[in-house]
């Protein structure tokens, strides 16, 4: 299938409190072999996700996965997101990407990390997730899709394998068999709506799993519009017989069965 290169991500921040989750029951069962799986993931714990994405998901009775960095300034809001049935995963604390990007903070580039520093940061992240109400097994998303650290570009995938059930990358494809749960493909699209529908339809045709990655929703950066995001949720809701919308961890479990 066609592989789509993804734009580099930027580190995000904190946001305001999310709306009250839907009180309707949420299914988490694996779909039949004739159904596709769609997973909606959101990076960098951005304010627009709390203000816009979470309420939209709740209104559609859908659960997303939010890959978090440091949420110290907004713990209660993310506790509420977890309490609403959404998954919280790790995206590292300081979002290390290659120093080739001028927006990467000095000292926090991938090249600045050692395996010891990364291991400590991952363990701190798991402690944070537990504080927010998340339970094992945990999931992970590589900042910028970068799987290496240090000047010699040493892989830190073994650290991820030890701590997480699955990890998300940043290059798009449809998964029909999960051969590598430590680097699951994902499409990062900012629109238009037809682009989201096209990738979802490809998953339906292949009876596979498609993961979407978002940053801003109706704000912040690398943003999808509120209109396109909500319309895509509408489209998915109308196709419940063909598509199961599952958080990243649940979908990975289904694919690993």
The helix 115-131 Cα axis meets the longest alpha-carbon principal axis of the chain at an angle in degrees, between 0 and 90 and rounded to 10, of 40
Starting from the alpha-carbon convex hull of segment 123-183, give the projected area averaged over all orientations, in nm². 5.1
When ranked by the protection proxy of mean other Cβ atoms within 10 Å per residue, highest first, what sequence do the peptides 246-252, 169-175 form? 246-252, 169-175
So, R0 is 51 Å and r is the distance between the beta-carbons of residue 33 and residue 102; what FRET efficiency does that work out to, to 0.05? 0.60
Arrange 168, 163 by Cβ neighbour counts within 10 Å, fewest through most, would you? 163, 168
Max mean-square fluctuation residue, GNM over the chain, Cα-Cα springs under 10 Å, options 63, 82, 177: 177
Unit-weight point scatterers at every alpha-carbon of segment 36-256, Debye formula, q = 0.07, 0.08, 0.09, 0.11 1/Å: log10 I(q)/I(0) is -0.20, -0.26, -0.33, -0.50
Over the chain, what relative contact order in percent results from Cα pairs under 8 Å that are six or more residues apart? 27
Among DSSP bridges having both ends in the chain, what percentage is antiparallel? Round to the nearest 5. 15
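Any read-out appearing in this document is the output of simple, stated calculations on the displayed coordinates, not a laboratory observation. Source: prediction; values computed, not measured. Note: ideal-geometry Cβ built from the backbone for every residue, glycine included; neighbour counts use all protein chains shown.
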